[in-house]
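Remarks on the structure that follows.
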Amino acid sequence: MSHSLANLEDHHFKHPQFRIPRDVHLHFFGTMKLSFPNRLYFQTGDQIRIDFAGMGAPLVNYVRKLAFSQTPITVEQG
């Protein structure tokens, strides 16, 4: 999908909880990996890092492939 910045702002700020004065909004847009699944695959141990100067510590996640399971998971409210 491709949207203009104006369209994204219109959609985001139509909700009152996002219109609080002095709040700052950061948007992390999707990566081509998720948009084009027929490209290179992530492998266990790969690092995904989002780093932006002036915004503190980077967000770092590591890829871990789990074994496929037919067992359903249960999600409980904490």
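Readers should treat all values here as calculations from the given coordinates under stated rules, not as data from a laboratory. Just so you know, these numbers come straight off a predicted model, no measurement behind them. Here the Cβ is made from the backbone with ideal geometry for all residues, glycine too, and neighbour counts use every protein chain on show.
What distance in nm separates the two pseudo spin-label positions at His12 and Tyr62, each 7 Å out from Cα along the beta-carbon direction?
About 3.2 nm, to one decimal.
Per 0.36 nm of contour for each residue apart, how much would the distance between Arg22 and Ser69 grow if the chain were fully extended, relative to their Cα-Cα spacing?
Between Arg22 and Ser69, full extension yields an extra 12.3 nm.
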